[in-house]
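The values are calculated or read from the model by the stated rules, or taken from the named source; none is laboratory data. Note that this is a predicted model, so its numbers are computed, not measured. Cβ placement follows ideal geometry from the backbone for every residue including glycine, while neighbour counts extend to all protein chains displayed.
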Number of protein chains: 4
Amino acid sequence: MVVANTDQRPEAYKEMKDKYRPSHADYTYDAKYGVRAWPGGGRTSARETIGRVAAGAVAKKILKEQFGVTVLCCVQQVQKIIAEINPDHFTLKQVESNIMRCPDKKASEKMIRHVDRVRKAGDSVGGVLLGVARGVPVGWGEPVFDRLEADLAKAMVSLPASKGFEIGSGFGGVALKGSEHNDAFRMRRGKVRTTTNRSGGVQGGISNGETIYFRVAFKPTATILQSQDTVSRLGKNVKLKARGRHDPCVLPRAVPMVEAMTALVLVDHALRHRGQCG
Amino acid sequence: MVVANTDQRPEAYKEMKDKYRPSHADYTYDAKYGVRAWPGGGRTSARETIGRVAAGAVAKKILKEQFGVTVLCCVQQVQKIIAEINPDHFTLKQVESNIMRCPDKKASEKMIRHVDRVRKAGDSVGGVLLGVARGVPVGWGEPVFDRLEADLAKAMVSLPASKGFEIGSGFGGVALKGSEHNDAFRMRRGKVRTTTNRSGGVQGGISNGETIYFRVAFKPTATILQSQDTVSRLGKNVKLKARGRHDPCVLPRAVPMVEAMTALVLVDHALRHRGQCG
Amino acid sequence: MVVANTDQRPEAYKEMKDKYRPSHADYTYDAKYGVRAWPGGGRTSARETIGRVAAGAVAKKILKEQFGVTVLCCVQQVQKIIAEINPDHFTLKQVESNIMRCPDKKASEKMIRHVDRVRKAGDSVGGVLLGVARGVPVGWGEPVFDRLEADLAKAMVSLPASKGFEIGSGFGGVALKGSEHNDAFRMRRGKVRTTTNRSGGVQGGISNGETIYFRVAFKPTATILQSQDTVSRLGKNVKLKARGRHDPCVLPRAVPMVEAMTALVLVDHALRHRGQCG
Amino acid sequence: MVVANTDQRPEAYKEMKDKYRPSHADYTYDAKYGVRAWPGGGRTSARETIGRVAAGAVAKKILKEQFGVTVLCCVQQVQKIIAEINPDHFTLKQVESNIMRCPDKKASEKMIRHVDRVRKAGDSVGGVLLGVARGVPVGWGEPVFDRLEADLAKAMVSLPASKGFEIGSGFGGVALKGSEHNDAFRMRRGKVRTTTNRSGGVQGGISNGETIYFRVAFKPTATILQSQDTVSRLGKNVKLKARGRHDPCVLPRAVPMVEAMTALVLVDHALRHRGQCG
């Protein structure tokens, strides 16, 4: 890994000192707080997620050791390239086998090549992450406000650059009729199970024992190296052309964030469930 | 309005007394709490949202009178029928002009006919709601955990039958490159504005002064009048055929819920913003 | 019980319509919210505690049935009359044996006579309540912010007319040296117990298995039937002489409030403890 | 200041390794969490308050600069030695003029001599702190659960070694009749003021514009250098004689803690008030 020349790096940010990056957080942050920390993205940088990931590591350990629950996440889509991934079966090893963190080898290679092209053009792309939690027992969650899926939704949409959340069949599920969409119950090895899992492991805010899976949409990185229309702090219409090193695709870096937030939501509900029903 | 015969109505629910409805909340609720209130859907009924709607009415009034903010919601999609709606321009009058609560007249007629056919077949459909908040000033929200879009996500996904939330360009936005997706800033009448609104009125967790708009996915109603595979409370594989009157499509009824939750989230952030920066 | 003549009662409050009662909540409430609901004390009336008492009844039942914990409260002091009460031994029957809710018969008779004299003089008195929780196991509470005694303090001082809270030896304990004040540990029937209980059942924020006991100070009722200096809503110096029926001593009525708030704090910590350590 | 020999200091704690200090937090902490960090008092050490004091420094600055509010605290009583202090008039300079942090010179000298004697005897003493907030405007606080005095009570009783809280006339006020206790309202320079301040600056949960003052009881330090009965981790009755350097009186060190917690409670309510009524 190459460490950036610390003298030069802020130089690269100077172009952004007095100009707001389009679709970035720096305008709204300045407007609200009157604070503008432009080098490195400042206070609005995704660097803040380091605390979430650290706490998530503890949460994942508790989930694994005390409840037998595994949390995992991977890249499922980069711009229009979509990987084939079964929420029940992909592994950490597969995820970490390539820098895209996509367990579908063929797709991951396409994605990597695509991001490379985009990077060279000074542009950026977004995509979709798939998060899963396996082994969650029946009963975690709440029936009204703090539904398990509602807390997951907030956790995911609180991540930088995320624009959407869907659990189970999600937005795609609305194309089906109830008779096609419902997950039939059947007894299997003495347990109530479902024969399909369009519910995504949660029914009415409470886990039903099936694998929990959900998708999170991340927009293309706001900071690009092309010339864009914007305004300055002084209220002038200007052009901005960012320099420096910027991620053309944040997806692989968002994987540990999604895992961390998932683990934090689940461990909270594990304790609440034990408190109420233990 | 016809008042249901109270003697007969529970009768219609009896079939469901000992059988869990597929994809309904009644299995997980029973598993967690050991409580089964089958008539009327019991504790897991969407009737609980009445309190949200009542509180939302107060919140909408505060938003309108003190901050000039309007909250509105409508049906945008029913199964595969998609209406054309501009988040900036549809009106309450248009929404309330038909029982589907869809301001696109042509689409609403198709939707109504479709739901009617589905109802006759004893089946159900889902769809997508569009929620908007117009006139929100720059600065509402928080940069990290309690992002405005994160709180909206939780509020929406806490509603019965909702399976997804997306703000601005949402899941569709991932198909674009950064250079296509970014909202350019331009000065207009002395204000910082954006020329497009793929951000959906929020950047980095904080409102940017543009119209806030988002979409919420609702799955097809779980309770249908066709025979389905399920299990009984005693752990037997059985068939269930629900009777009684059940909504074949909850979308129009969810419109006031989405408005209420939007208003509650916004009024909270209005007070927080005034407390911190007022 | 005589039901007040509803036509006449508001009449009795009219004198207070435009004049703030000294040491009552009605001035600060009006100053903050611009709302003045003078009949019956309005929004600032202790009638609001009915919700706390109702919830407390459920909490007491859970504590008793699931954890074997008993919550009890009584009047220990009225103005300068102090009863002799052992936190470990007084009973509900003794408390409810007289209208003063003081289990020390001799003291209660003195208190009742005293309150009667005070009432005839159009004056009022305050006093001290003793709250206890017996059977709380070792380990409920938190070591830092949400200490068990801190949550009890907030709960008690949130009650109308309360001006102080002390647990165990409280303010009196500061007259002792450490060597006199410390509760020695000794093994008793295989359990770690203390030979004295100046800690009041809590050490470092966490219950130690001994009886929890605390005292709550209630000031004399603000509304009295004597002429007092005050100001009007219009900012004039005036005289106020309240009429109508007002409690000359709120202590016996505060007993169920203290029990309710104690039970609510304890049941919260019971669930938290089971969640964390169960 | 002499820096402790770090090699020797843990040695001094060894006696406490397997023996619980009477009236200290280490037994309950171990019982709840199964963790025993004996050197330096471990997790239950008052060292945790450093974070509160740091945050309080920011809160004090906001209160001073944005609202003109001053927060101050001093030692009012050490065991039986009671200082004469007027909540409206003592100054930071007076407080910091002596190591006891007591603005009454005569009393502070007595206190210092007394603590010295107690220290030599291997014993400890407690006392009472007086906290004040001057310049708080009318209207901060809430009428029901989050009363200003309730939040102050929780904040103070959450401090290590504190056993009680009283605001205004507190426990002493119960000796008075309503006619003696009520604070008459009078107009002064166009403002509603009280001629006395037994309310302690708060009425019905909301500040009334007078100086807020309250007292906090701190028990004698639990760790003393005399032989005491206690039990070991293995459940044996034993004798414990602590060694090392231990505060014979924590009062002066608790002054900044009380100031910090007061400032944090007030700045929270300042923001809430501005949010609701600003």
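State whether the residues of segment B:252-260 include one that is crowded, with 24+ Cβ neighbours inside 10 Å and of a type in the set (Asp, Glu). Walk me through it before giving the result.
As a first pass, look at segment B:252-260 and keep what is crowded, with 24+ Cβ neighbours inside 10 Å: B:254, B:257-260.
Those left that are additionally of a type in the set (Asp, Glu): B:259.
Yes.
Being buried (at least 23 other Cβ atoms within 10 Å of the Cβ) and free of Cβ contacts under 8 Å to residues at least 60 places away in the same chain: is that true of B:Gly200 here?
Judged against the criteria, B:Gly200 is a match.
So, D:Leu148, is that one within 24 Å of D:Thr211 (Cβ to Cβ), within 11 Å of chain C (Cβ to nearest Cβ) and in contact with a strand residue (DSSP E or B) (Cβ under 6 Å, 6 or more places away or on another chain) or not?
yes
For residues that are crowded, with 21+ Cβ neighbours inside 10 Å and of a type in the set (A, V, I, L, M, F, W, C), scanning just segment C:91-106, find the one that is farthest from the other protein chains (Cβ to nearest Cβ).
By that ranking, first place goes to C:Val95.
Restricting attention to segment D:74-83, does a residue exist that is part of a loop (DSSP other than H, G, I, E, B), at the interface with chain C (Cβ under 9 Å from one of its Cβ atoms) and either crowded, with 23+ Cβ neighbours inside 10 Å or modelled with pLDDT of 95 or more (or both)?
yes
Can you list residue pairs whose Cβ atoms sit under 7 Å apart, with the first residue in segment D:97-126 being at positive phi and touching a residue at least 12 places away in the same chain (Cβ under 8 Å) and the second being in a helix (DSSP H, G or I) and not polar (S, T, N, Q)? Count only pairs 6 or more apart in sequence or on different chains.
As it stands, the answer is D:Arg101/D:Val95; D:Arg101/D:Pro252; D:Arg101/D:Val255, since those pairs meet every condition given.
Name the residue, out of B:Leu271, B:Leu251, that is within 10 Å of another protein chain (Cβ to nearest Cβ) and free of Cβ contacts under 8 Å to residues at least 24 places away in the same chain.
It is B:Leu271.
Among the residues in segment D:101-121, are any in a strand (DSSP E or B), β-branched (Val, Ile, Thr) and touching a Pro at 6+ places or on another chain (Cβ under 7 Å)?
There is no residue in segment D:101-121 that is in a strand (DSSP E or B), β-branched (Val, Ile, Thr) and touching a Pro at 6+ places or on another chain (Cβ under 7 Å).
Report every pair of residues separated by at least 6 positions or lying on different chains whose Cβ atoms are under 6 Å apart, first residue within segment D:83-94 and at negative phi, second in a helix (DSSP H, G or I).
As it stands, the answer is D:Ala83/D:Ala107, since those pairs meet every condition given.
Can A:Ala59 be described as of a type in the set (Gly, Ala, Ser), more than 14 Å from chain B (Cβ to nearest Cβ) and either under 30 Å from B:Pro143 (Cα atoms) or in a loop (DSSP other than H, G, I, E, B) (or both)?
Numbers: of a type in the set (Gly, Ala, Ser): yes; more than 14 Å from chain B (Cβ to nearest Cβ): yes; either under 30 Å from B:Pro143 (Cα atoms) or in a loop (DSSP other than H, G, I, E, B) (or both): yes.
So A:Ala59 passes the test.
Which one is nearest to the chain's Cα centre (by Cα), of the residues in segment C:179-205 that are among the β-branched types (Val, Ile, Thr) and in a loop (DSSP other than H, G, I, E, B)?
Residues of segment C:179-205 that are among the β-branched types (Val, Ile, Thr), as a first pass: C:192, C:194-196, C:202.
If we keep only those that are in a loop (DSSP other than H, G, I, E, B) as well, we get C:195-196.
Numbers: C:Thr195: 28, C:Thr196: 25 Å.
Filtering segment C:179-205 for residues that are among the β-branched types (Val, Ile, Thr) and in a loop (DSSP other than H, G, I, E, B), the one nearest to the chain's Cα centre (by Cα) comes out as C:Thr196.
For segment C:194-219, what are the residues that are within 9 Å of another protein chain (Cβ to nearest Cβ) and farther than 30 Å from D:Ile81 by Cβ?
The answer is C:Ile206, C:Ser207, C:Asn208, C:Gly209.
Keeping to segment C:152-161, report how many residues are in contact with a strand residue (DSSP E or B) (Cβ under 8 Å, 6 or more places away or on another chain) and at the interface with another protein chain (Cβ under 7 Å from one of its Cβ atoms). Walk me through how you get there before you give the answer.
So the first thing to find is which residues in segment C:152-161 are in contact with a strand residue (DSSP E or B) (Cβ under 8 Å, 6 or more places away or on another chain), and the list is C:152-153, C:156-157, C:159, C:161.
Okay, now just the ones that are also at the interface with another protein chain (Cβ under 7 Å from one of its Cβ atoms), so C:153, C:157.
Residues that pass the stated criteria total 2.
Can you report the number of residues in segment C:162-192 which are more than 7 Å from chain D (Cβ to nearest Cβ) and buried (at least 22 other Cβ atoms within 10 Å of the Cβ)?
Residues in segment C:162-192 being more than 7 Å from chain D (Cβ to nearest Cβ) and buried (at least 22 other Cβ atoms within 10 Å of the Cβ): 1 in total.
Matching residues to (1) within 30 Å of C:Ala222 (Cα to Cα); (2) at pLDDT below 95; (3) in contact with a Ser or Thr (Cβ under 8 Å, 6 or more places away or on another chain):
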{"site": "C:Val128", "(1), (2), (3)": "yes, no, no"}
{"site": "C:Gly131", "(1), (2), (3)": "yes, no, yes"}
{"site": "C:Pro137", "(1), (2), (3)": "no, no, yes"}
{"site": "C:Ala150", "(1), (2), (3)": "yes, no, yes"}
{"site": "C:Phe171", "(1), (2), (3)": "yes, no, no"}
{"site": "C:Asp183", "(1), (2), (3)": "no, no, yes"}
{"site": "C:Met187", "(1), (2), (3)": "no, no, no"}
{"site": "C:Ser207", "(1), (2), (3)": "no, no, yes"}
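Inside segment A:220-237, can you point out the residues that are in contact (Cβ under 8 Å) with a residue 24 or more places away in the chain, more than 9 Å from every other protein chain (Cβ to nearest Cβ) and in a strand (DSSP E or B)?
Within segment A:220-237, just A:Ser232 meets the criteria.
Taking the condition of a type in the set (Lys, Arg) and surrounded by fewer than 19 Cβ atoms within 10 Å (Cβ to Cβ), does D:Arg43 pass?
Yes: the conditions hold for D:Arg43.
Check B:Phe218 against each of (1) of a type in the set (A, V, I, L, M, F, W, C); (2) farther than 21 Å from B:Thr44 by Cα; (3) out of contact with any Asp or Glu (no Cβ under 7 Å at 6 or more places or on another chain); (4) buried (at least 24 other Cβ atoms within 10 Å of the Cβ) and name the one condition it does not meet.
Among (1) of a type in the set (A, V, I, L, M, F, W, C); (2) farther than 21 Å from B:Thr44 by Cα; (3) out of contact with any Asp or Glu (no Cβ under 7 Å at 6 or more places or on another chain); (4) buried (at least 24 other Cβ atoms within 10 Å of the Cβ), the lone unmet condition for B:Phe218 is (2).
Looking only at residues in segment B:122-139 that are part of a loop (DSSP other than H, G, I, E, B) and more than 10 Å from every other protein chain (Cβ to nearest Cβ), which one is surrounded by the fewest Cβ atoms within 10 Å (Cβ to Cβ)?
In this case the residue turns out to be B:Gly135.
D:Thr44 versus (1) modelled with pLDDT of 95 or more; (2) within 30 Å of D:Arg233 (Cβ to Cβ): which is the lone unmet condition?
The one condition D:Thr44 does not meet is (1).
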